[in-house]
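The values are calculated or read from the model by the stated rules, or taken from the named source; none is laboratory data. These figures come from a predicted structure and were not determined experimentally. A quick note on method: Cβ atoms are made from the backbone with ideal geometry, for glycine too, and the neighbour counts reach across all protein chains shown.
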């Protein structure tokens, strides 16, 4: 991986140390170039006129995403972010009272809120699977938890607040054996970890553009297994997904377009397209090797810093490094780093309630690395944390 | 209104005649400047870091919209488009089986599909109110249709496919007298017609940015009357609208933020902000006078063209002019105009089924004018239509 070239493509990474890639990554220059080019053309010939002229380029984004996650292009719907994708997916399932959703203890707030929304609206049950010493998701406990009421297994691949990696492929083997619907939220893993629906065996995969894919804010996507489309009906439906037949009746189209809005932010879609192409060109396995290397380098070095606790657990870990420093308030540490031109973020308890309560944390500092981050940056960050 | 100055602000309006403002208008140069400035800053310091630094500018968009439609800033939620706003609104109402939605015959496809979705999911009834010789919405028929089952009156202010204007203020007086929830879809009227929630008396107003507001694609908004927020619960909920208390329970926050996603396309929001400011600076009454003048000028001149039929009805008419030309297929006419650098669009039946069926039209040609269009452009378009 040619890190110098990659850093040249990332216009301002020399000026700041960006360890907030799990918030929103720094894009490559090609992302904004694509967006700005599209906006400028819209201004020149008109928004609808440009859309009509750009049908080939618009189709390409579906192909690029399909290449990234190993599915068909007609299994991808563009959405405005991962939460929208997630909600469109779960509210399209015909839950009945007494049905159960099985999930992890590492769920993102927006996801869990919508399990609870379904509980309130439809009377479903929610079961969370704890971790064990080796894994954030205990597969034996999971298999024991499955019963006839289990309608959906929905897990966050990598949580927002730590380096944990949920074993989505092993879970997929079990859901397949039990013929249960399976949703994987890859909001934090997409563009970072080799995440292939053919290996996972999931029915839904939700993703965003702005994080490890290095795309723009305001666009994400949803994968839906084409073999289950006929069983699903999105809670709200548009002309992309149904034909309005009369004042009494519509005809559901039964294609992936049921999950996509009629109107789309095409300029941002072009930015996402550039981002996915860049990831595909680098190769997701190469990206993962590099992210894993830099994140583990940071963890190893932080272990030697006095007062630092790391909350990522054991086993395979992501590009997200979660810490506190003894006696240093998380906001104080974040501001201290910012003064040294180091971007990081804070994970508040409410975004990952079940996990943070188990860890007895109200907040933690999150340092999220990407392949363009360097050993020199890591050394500077470690030194800056050490000195406060 | 200084049309020369306005046309200077609209970079390419000299090169094309854009009569597709009801599709997506040509933006002023300030819109793309605002978006590009924001994207460039995101690239420089990071997306989350910029969002934190721009809280004042982000708050301003709510104030600008509140100024435009005469409401409080904390009654506005940003959405990705008008349909999203519409769906968030109607699916937050606690419909029971047997409740009735009263609507018009001029509804937009996406809206009507979601009335039908509610019918299927919850067993509600739908009543459509016909027009009469003077109006596209008969107020006497409307008042007769109201009964104890009437839960919501939902109307499109200006349809996508004709110049008709639904009397939303008169409807509002009746809904208020009967204490019925009232939703107005201003997708085609916002930025074009003085549309003030204090005069309409509506509980919900839905809008998009890309049409008569001249903003970017991919952003819109929803107004919700703050006095009814405690009665509503959005179908899907995010951390903006609820507090995740435990694995069994969330606490709805009861603010307008329930209707807004946690993640937003901030660059496009900045573009929308520039667009709304521009409209507010021109003054919406001035805009309406000018749009009304140019659209009526076009209608008057088209009446003298052999073979042209106009489908806008009588009374007050919008900037949308809907026609067919005898013996000329709508696609042929659109392509002919495009060859002369004139942008127009086609209204297919399925986008306005009830209205188009009554008119016995499968398609019609739509010419939608804005204040920056000129008499010279109108004359050229009329001549070009005459000559085919």
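Numbers for the structure displayed
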{"item": "From A:161, A:110, A:125, A:132, residue being away from every other protein chain (no Cβ under 14 Å) and farther than 20 Å from residue A:200 by Cα", "result": "A:132"}
{"item": "Any hit, the range A:199-206, residues being within 14 Å of another protein chain (Cβ to nearest Cβ) and either surrounded by fewer than 19 Cβ atoms within 10 Å (Cβ to Cβ) or under 26 Å from residue A:266 (Cβ atoms) (or both)", "result": "yes"}
{"item": "Selected residue [surrounded by fewer than 20 Cβ atoms within 10 Å (Cβ to Cβ) and at pLDDT 95 or above] from B:346, B:385", "result": "B:346"}
{"item": "Identity of the residue in the range B:229-270, surrounded by fewer than 19 Cβ atoms within 10 Å (Cβ to Cβ) and in a strand (DSSP E or B), that ends up farthest from the chain's Cα centre (by Cα)", "result": "B:246"}
{"item": "Within the range B:281-309, tally of residues that are in a strand (DSSP E or B) and either in contact (Cβ under 8 Å) with a residue 60 or more places away in the chain or crowded, with 18+ Cβ neighbours inside 10 Å (or both)", "result": "1"}
{"item": "Test: residue in the range A:216-227 that is more than 14 Å from chain B (Cβ to nearest Cβ), in contact with a strand residue (DSSP E or B) (Cβ under 9 Å, 6 or more places away or on another chain) and in a loop (DSSP other than H, G, I, E, B)", "result": "yes"}
{"item": "Scan of the range B:110-161 for residues that are touching a residue at least 60 places away in the same chain (Cβ under 8 Å), under 30 Å from residue B:19 (Cα atoms) and not in a loop (DSSP other than H, G, I, E, B), ordered by number", "result": "B:111, B:112, B:154"}
{"item": "Test: residue in the range A:185-192 that is at pLDDT 95 or above, under 23 Å from residue B:86 (Cα atoms) and not assigned by TED's automatic domain parsing to the domain that holds residue A:371", "result": "no"}
{"item": "Index of the failed condition, residue B:274 passing every other in (1) without any contact (Cβ under 8 Å) to a residue 40 or more places away in the chain; (2) in a helix (DSSP H, G or I)", "result": "(1)"}
{"item": "Test for residue B:221: is it over 25 Å from residue B:10 (Cβ atoms), touching a residue at least 60 places away in the same chain (Cβ under 8 Å) and in the same structural domain as residue B:72 (by TED's automatic domain parsing)", "result": "no"}
{"item": "Residue within the range B:60-78 that is crowded, with 18+ Cβ neighbours inside 10 Å, out of contact with any strand residue (DSSP E or B) (no Cβ under 9 Å at 6 or more places or on another chain), outside any helix (DSSP H, G or I) and modelled with pLDDT of 95 or more present", "result": "no"}
{"item": "Residue within the range A:312-328 that is assigned to a loop (DSSP other than H, G, I, E, B), surrounded by fewer than 19 Cβ atoms within 10 Å (Cβ to Cβ) and touching a strand residue (DSSP E or B) at 6+ places or on another chain (Cβ under 8 Å) present", "result": "yes"}
{"item": "The range A:9-56, residues that are assigned to a loop (DSSP other than H, G, I, E, B) and facing chain B (nearest Cβ under 7 Å)", "result": "A:11, A:12, A:16, A:23, A:24, A:26, A:27, A:46"}
